[in-house]
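Working notes, beginning with the structure itself.
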Amino acid sequence: MTSLTTIGAMIPKHLDIWEFSEDRHAMLSTELRPGERLSWVGCPHPFRYAAKALPVALTGILLAGFAGFVLAGLFGFQWPTVAQLAHPFAAAVLLLLIAALGMMFWPLWLGFKAGRTFYAITTQRVLIFDGGLFSTVVRSFAPECLSQLRRRQYRDGFGDLLFEASCDQIETTGPADSTAGFYAVADIQTVENLVRKLINPDPPKQMDLLRPPYRL
């Protein structure tokens, strides 16, 4: 277990990272292995992270309006009784309305989730701390497991970095998924360069690329 003071010393000073809270210090202190050092730490921007759910929220608004209109017409635009709500068709529309309301508030959930999620790149692996309501799912990716990096970047430097987990050496405390990534992160190109450096720490020099292959 790495001490909190050591964790703070590991955070690179040249990177513009968010205020590293004490609970995140504690999570990293228990997760880092002996001799492992941090190269980068970051977290998703709450509003940008929540914006991913705007299409879902708009769809929820349309469904909620449709379900509400159907229920109002079904009950004669009057307050329904328990017997009317127990009707199979009314119950199905009511469930649709509840699901639509959940879709409407999905961006709020993602905004809350962004405040409990953070990412880290170390000298040995990539870490994703996926925060939830009551727990945090920690996913660990060794360099040899990372492939097919895809960067989506906006003009202000924010963006997403997605990658495929191409082997079975994935350590996770939750359900496994072959696709993972960093979402709504600042200076995403720098983050991609750090991941690529982790995957290939010693890229071939330009002269080596120009040199013809040796033949016996």
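The values are calculated or read from the model by the stated rules, or taken from the named source; none is laboratory data. Not measured: the values here are computed from a predicted model. Counting neighbours? That spans all protein chains shown, and the Cβs are built from the backbone with ideal geometry, glycine included.
Quick notes
- Check on Ala142, touching a Lys or Arg at 6+ places or on another chain (Cβ under 7 Å), outside the structural domain of Ala64 (by TED's automatic domain parsing) and over 30 Å from Gly60 (Cα atoms): yes
- Condition check for Ala67: surrounded by 12 or more Cβ atoms within 10 Å (Cβ to Cβ), small (Gly, Ala, Ser) and farther than 30 Å from Val185 by Cβ: yes
- The residues of segment 150-161 that are assigned to a strand (DSSP E or B), under 15 Å from the mean Cα position of the chain (by Cα) and surrounded by fewer than 19 Cβ atoms within 10 Å (Cβ to Cβ), listed by number, are Arg150, Arg151, Arg152.
- Residue check for Ala57: part of a helix (DSSP H, G or I), touching a Gly at 6+ places or on another chain (Cβ under 6 Å), at pLDDT 90 or above and not charged (D, E, K, R): no
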